[in-house]
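Working notes for the structure below.
The values are calculated or read from the model by the stated rules, or taken from the named source; none is laboratory data. Note that the structure is predicted; figures quoted are calculated from it, not measured. A quick note on method: Cβ atoms are made from the backbone with ideal geometry, for glycine too, and the neighbour counts reach across all protein chains shown. To get the accessible areas, we keep the full protein, side chains included, count just its heavy atoms, and leave off ligands, DNA and RNA. Shrake-Rupley method; radii C 1.70, N 1.55, O 1.52, S 1.80 Å.
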Amino acid sequence: MLRGRPRLRFAPAPTGLPHLGTARTALYNWLYARHCGGEMLLRIEDTNTELATADHVSEIFEMLDWLGLDFDGEPIYQSRRNDLYDAAVERWLDEGRAYHDEGAVRFSVPDEGVTAFDDVVRGRVEFPNAAIEDFVVRRSDGRATFFVANAVDDLDLGITHVVRGEDLLNTTPKVVLLRAALGSADVPAFAHLPLIVNSQRRKLSKRRDDVSLTSYRDRGVLPSAMANYLALLGWGPPDGIEVRPLAEIVELFDLADVNAAAAMFDMDKLTAMNGEYLRALDDAGFAAAIEPWVSAESWGVDVDQESLSAVAPLIRERTRVLSDAPDRIAFLFCEPEIDPDDWRKTTAPPAAQILDAAVAAFAEVPWTADALHALLREIGETFSLKLGKAQAPVRVAVTGRAVGPPLFESLALLGRDATLARLRAARDRLGD
């Protein structure tokens, strides 16, 4: 095993949108490198020219930037290192370690013995050589394979730790064999991370599950919450406190503490954690966070930061993802669409009389949340109704829905004129 200052690499293939597993791998490499005072290199494995695209490369950089994960030095592109891979294959051919096979080149695996390595997560791992086929190291089109590029680059770049997903475990003995054939008696410390599974304990699949990191970003999951949650998919803090800043996770994180058991991705837990991060924001911070989800085009008005900051206390406590926020506050900035089911449920008698009383009383009451609350309670008592029942038709008339932010604070923000106009419109809708 290699010693010295830890040097890790995050080595994504730019062949699709970054997914949860990719992000977790990037995070664990970064956490360990920063925990140990080491380095994390970014190596773009773009040798698959059919699938690797410039857009996908850009998405990798965007993912790292969004999560707040930096890397050391300049990014390394495998597509620019083909000469190194070709030289390795030619060396194996010259030494009789590889042979031509119908236009391709295969590496000759020994028939006897085992190829073994120590894995930080899984302990000692051994593969009988007899079970490893003579594998392709150069395709018939002249391109070196994944195994070659990994072996050559990890050796050339002095990588001390290889942290990657469990799904790549069966490729590791091939890389170890190639390293030995390049003259290296040492191997990096391997750490194959546990699978991420869904609630049915099945491996996450892009065909079946929502695995795209972009999808969660677009729903309004904060990057700090996502990084915190991803860190828990295979690792847990020794003190049991799960929600904490990334800087604290760096201090606590160790690959030796990663669990080999599959890690379940729980959307409810992620959004609950995101809610905690949102509640920790001040009014201005929350307003800035929800602003990208506020559509001036759909509302027909421009909404400034000051207005959003005023609204923030009304919805922050119950907001779990930012994309939920606009629908909850739209009534404060534009005319609401009244939900027909909520209207039907809340406008039975004596709803008309409550609206009449509210219109009359709200015209004179001091326009504060406390005064409005007390007044509507009194109106409800005249009809032998508790406040919840009495305020229902008022809420639907003003907000369009039976459930929403605190009513009286909302009315105070909306203002007397707009509130009275909506109450009168609702009363007219009820008719005689």
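Just name the residue that is most open to solvent (accessible area, probe 1.4 Å) out of those in the range 87-104 that are small (Gly, Ala, Ser) and not in a loop (DSSP other than H, G, I, E, B).
Looking at the filtered set, the residue picked out is 87.
Just to verify a result, which residue in the range 399-432, among those that are over 11 Å from residue 362 (Cβ atoms) and of a type in the set (Val, Ile, Thr), is farthest from the chain's Cα centre (by Cα)?
399
When the range 262-311 is examined, which residues are found to be open to solvent by 70 Å² or more (accessible area, probe 1.4 Å), in a loop (DSSP other than H, G, I, E, B) and either in contact with a Pro (Cβ under 7 Å, 6 or more places away or on another chain) or over 23 Å from residue 67 (Cβ atoms) (or both)?
The answer is 302, 304.
Quickly run through the range 383-404 and pick out the residues that are surrounded by fewer than 13 Cβ atoms within 10 Å (Cβ to Cβ) and touching a Pro at 6+ places or on another chain (Cβ under 9 Å). Steps first, please.
The initial filter retains those residues of the range 383-404 that are surrounded by fewer than 13 Cβ atoms within 10 Å (Cβ to Cβ), namely 384, 386, 388, 403.
Answer for the range 383-404, where residues must be surrounded by fewer than 13 Cβ atoms within 10 Å (Cβ to Cβ) and touching a Pro at 6+ places or on another chain (Cβ under 9 Å): there is none.
Go through (1) assigned to a helix (DSSP H, G or I); (2) closer than 29 Å to residue 46 by Cβ; (3) touching a residue at least 24 places away in the same chain (Cβ under 8 Å) and name the single condition residue 180 misses.
The number of the failed condition is (3).
Just one of (1) surrounded by 15 or more Cβ atoms within 10 Å (Cβ to Cβ); (2) farther than 30 Å from residue 284 by Cβ trips up residue 331, so point out which.
(2)
Look through the range 1-46, keep the residues that are touching a His at 6+ places or on another chain (Cβ under 6 Å) and either under 16 Å from residue 255 (Cα atoms) or of a type in the set (A, V, I, L, M) (or both), and return whichever of them is surrounded by the fewest Cβ atoms within 10 Å (Cβ to Cβ).
Filtering the range 1-46 for residues that are touching a His at 6+ places or on another chain (Cβ under 6 Å) and either under 16 Å from residue 255 (Cα atoms) or of a type in the set (A, V, I, L, M) (or both), the one surrounded by the fewest Cβ atoms within 10 Å (Cβ to Cβ) comes out as 6.
Checking the condition under 27 Å from residue 324 (Cα atoms) and either in contact with a Ser or Thr (Cβ under 8 Å, 6 or more places away or on another chain) or not aromatic (Phe, Trp, Tyr) (or both), which residue from 377, 344 passes? Walk me through how you get there before you give the answer.
On the way: 377 fails: under 27 Å from residue 324 (Cα atoms).
When all the criteria are applied, what remains is 344.
Consider the range 62-80. How many of its residues are outside any loop (DSSP other than H, G, I, E, B) and open to solvent by 60 Å² or more (accessible area, probe 1.4 Å)? Quick ask: steps written out before the conclusion?
Our first condition is that a residue be outside any loop (DSSP other than H, G, I, E, B); within the range 62-80, this holds for 62-67, 76-80.
Of the ones still in play, those that are also open to solvent by 60 Å² or more (accessible area, probe 1.4 Å) are 62, 65, 80.
Residues flagged as outside any loop (DSSP other than H, G, I, E, B) and open to solvent by 60 Å² or more (accessible area, probe 1.4 Å) within the range 62-80 amount to 3.
What are the residues in the range 312-328 that are buried (at least 16 other Cβ atoms within 10 Å of the Cβ) and not basic (Lys, Arg), if any?
312, 314, 315, 319, 321, 322, 324, 325, 326
Taking residue 370 as the residue in question, decide whether it is of a type outside the set (Gly, Ala, Ser), in contact with a Gly (Cβ under 8 Å, 6 or more places away or on another chain) and assigned to a helix (DSSP H, G or I).
Working: of a type outside the set (Gly, Ala, Ser): yes; in contact with a Gly (Cβ under 8 Å, 6 or more places away or on another chain): no; assigned to a helix (DSSP H, G or I): yes.
Considered against the rule, which asks whether it is of a type outside the set (Gly, Ala, Ser), in contact with a Gly (Cβ under 8 Å, 6 or more places away or on another chain) and assigned to a helix (DSSP H, G or I), residue 370 comes out as no.
What is the residue count in the range 364-390 for residues that are farther than 26 Å from residue 313 by Cα and among the hydrophobic types (A, V, I, L, M, F, W, C)?
Total meeting the criteria: 3.
Listed residues 427, 401; which is basic (Lys, Arg), out of contact with any Ser or Thr (no Cβ under 9 Å at 6 or more places or on another chain) and part of a helix (DSSP H, G or I)?
Details: 401 fails: part of a helix (DSSP H, G or I).
When all the criteria are applied, what remains is 427.
Restricting to the range 364-381, name every residue that is open to solvent by 20 Å² or more (accessible area, probe 1.4 Å), out of contact with any Leu (no Cβ under 6 Å at 6 or more places or on another chain), at pLDDT 95 or above and not small (Gly, Ala, Ser).
Answer for the range 364-381, where residues must be open to solvent by 20 Å² or more (accessible area, probe 1.4 Å), out of contact with any Leu (no Cβ under 6 Å at 6 or more places or on another chain), at pLDDT 95 or above and not small (Gly, Ala, Ser): 366, 367, 368, 370, 373, 375, 378, 381.
Applying the selection to the range 340-362, what residues are under 20 Å from residue 375 (Cβ atoms) and either in contact with a strand residue (DSSP E or B) (Cβ under 6 Å, 6 or more places away or on another chain) or among the aromatic types (Phe, Trp, Tyr) (or both)?
As a first pass, look at the range 340-362 and keep what is under 20 Å from residue 375 (Cβ atoms): 346, 350-362.
Across the range 340-362, the qualifying residue is only 362.
May I ask you to verify whether residue 253 is within 27 Å of residue 21 (Cα to Cα), in contact with a strand residue (DSSP E or B) (Cβ under 6 Å, 6 or more places away or on another chain), surrounded by 14 or more Cβ atoms within 10 Å (Cβ to Cβ) and in contact (Cβ under 8 Å) with a residue 40 or more places away in the chain? Outline the logic, then answer.
Values: within 27 Å of residue 21 (Cα to Cα): yes; in contact with a strand residue (DSSP E or B) (Cβ under 6 Å, 6 or more places away or on another chain): no; surrounded by 14 or more Cβ atoms within 10 Å (Cβ to Cβ): yes; in contact (Cβ under 8 Å) with a residue 40 or more places away in the chain: yes.
No; evaluated as a whole, the condition is false for this residue.
Could you tell me how many of the residues in the range 107-162 are outside any helix (DSSP H, G or I), open to solvent by 20 Å² or more (accessible area, probe 1.4 Å) and acidic (Asp, Glu)?
Count: 7.
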